Amino acid sequence: MSEAQERAFAELAPQYLLEVPRDVAWTSVHPEARMDPVAEYGREAPLIVEIGSGQGHAIVSAASARPDDDFLAVEVFRAGLARTMLDADKAGVRNLRLVEANAPEVLSTYLPEGAASEVWIFFSDPWHKKRHTKRRLIRPGFGDAAARALADGGLLRLATDWEDYALQMVEVLDAEPLFERAFDGEWAERFEGRVMTAFERKGIAKGREIRDLVYRRKPRA
Ligand SMILES: C[S@@+](CC[C@H](N)C(=O)[O-])C[C@H]1O[C@@H](n2cnc3c(N)ncnc32)[C@H](O)[C@@H]1O
């Protein structure tokens, strides 16, 4: 990180960054640690979680436009977290928190069950080389973690500029018994609250088509 980013981290982390008990790795979450959203945000409100928030373009814009909702950015890239905090501070955003942690652990243990009204994953790393595709976040088993974190009827929103990853997302999520499609036709409409991010701009500049998806968490029995 640059010196400015380091300084931003030191000055803004107390306000924005959650302190998480770790397990083994630095970005791990201790399996017994649980977030307490009411304590963290000081109120009860719908919680929107963005996985892999990068520089924070989407979540800072959404948190700023929707003061009645609470937002949680999950990211492992420190410079991105620093940028997110700087922009949030500049915009006077108070309903946003950040967690520096591995997303599947946040979904499968750290968030209280059913705490999220929406989970967003925009431009997840495509790991496009054949031998790396098994590292993709949206792969068989991912649905269990996302379904645990989402409230009944909660939405999982995705967007990607990689066609074969989009097809993998559909295959994985169509097969998930806890989710159902919340769109008609081949792909979902672009979600209105999704602003242009650096990665979307890059994909478009390279001539790639952007595909949106949205799945609904089925009610618990
Ligand atoms: C391609 S970038 C997209 C960033 C942002 N959503 C955007 O549209 O600009 C993917 C982001 O996901 C983050 N990421 C990848 N795996 C992650 C994980 N397991 N937990 C948390 N963040 C992760 C990366 O650090 C990276 O910032």
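The values are calculated or read from the model by the stated rules, or taken from the named source; none is laboratory data. Predicted, not measured: the structure shown is a model, and the values here were computed from it. Neighbour counts run over all protein chains shown; Cβ positions are idealised from the backbone, glycine included. Just the protein is used for accessible areas: all its heavy atoms, side chains included, with ligands, DNA and RNA removed. Shrake-Rupley method; radii C 1.70, N 1.55, O 1.52, S 1.80 Å.
Using the crude model of +1 on Lys and Arg Cβ and -1 on Asp and Glu Cβ, and no other charge, please compute the dipole size for segment 97-145 relative to its Cα centre, in debye to 20.
Numbers: 8 positive and 6 negative charges, 115 e Å.
My answer is approximately 560 debye.
DSSP assigns beta bridges within the chain; of those with both partners inside it, close to 30 percent run antiparallel. Here the mean projected area of the convex hull built on the C-alpha positions of the chain is 12.7 nm².
Using Cα-Cα distances under 8 Å and only pairs 6 or more residues apart, what relative contact order does segment 125-194 have, in percent? Don't skip to the answer; put the middle values down first.
Numbers: 33 pairs, mean separation 20.5, N = 70.
Dividing the mean separation by the residue count of segment 125-194 yields 29 percent.
Using only alpha carbon pairs under 8 Å that are at least six residues apart, calculate the relative contact order of the chain and give it in whole percent. For the chain, the relative contact order is 19 percent.
Extension gain, residue 198-residue 6: 0.36 nm per intervening residue step, less the Cα-Cα distance, totals 67.0 nm. Sites listed here are GluC sites (Glu not before Pro) in segment 1-66 whose DSSP assignment is loop and whose Cβ has at most 14 other Cβ atoms within 10 Å: 19, 32, 44. D for segment 84-159, whole µm²/s, Stokes-Einstein with Kirkwood Rh over alpha-carbon pairs at 37 °C and 0.692 mPa s: what number? It comes out at roughly 232 µm²/s. Taking 23 Å as the straight-line reach from the Cα of residue 129, the lysines in range (excluding those fewer than 8 positions away in the same chain) are 202, 206.
Karplus-derived 3J(HN,Hα) values for segment 99-107, using 6.51 cos²θ - 1.76 cosθ + 1.60 with θ = phi - 60°, are 10, 8, 7, 5, 3, x, 6, 5, 6 Hz; glycine and proline are entered as x.
Suppose we look only past 25 Å in the calculated P(r) of segment 96-221. What percent of the Cα-Cα pairs does that tail hold? Taking all Cα-Cα pairs of segment 96-221, the fraction more than 25 Å apart is 22 percent.
Heavy-atom accessible area per residue, the chain, 1.4 Å probe: how many Å²?
Numbers: 10990 Å² over 221 residues.
Here the residues of the chain average 50 Å² of exposed surface.
The modelled label-to-label distance between residue 218 and residue 187, using points 7 Å beyond Cα along the C-beta direction, is 2.7 nm. In this label model, residue 139 and residue 40 are separated by 2.6 nm, measuring between points 7 Å along each Cα→Cβ vector. Rg/Rh for segment 17-126 stands at 0.93; both radii use Cα atoms, and Rh follows the Kirkwood definition. Counting only protein heavy atoms and a 1.4 Å probe, tell me what percentage of segment 75-221's accessible area is made up of carbon and sulfur. Carbon with sulfur: 51 percent of the solvent-accessible area.
Only protein heavy atoms count here; under a 1.4 Å probe, residue 1 has an accessible surface of about 90 Å².
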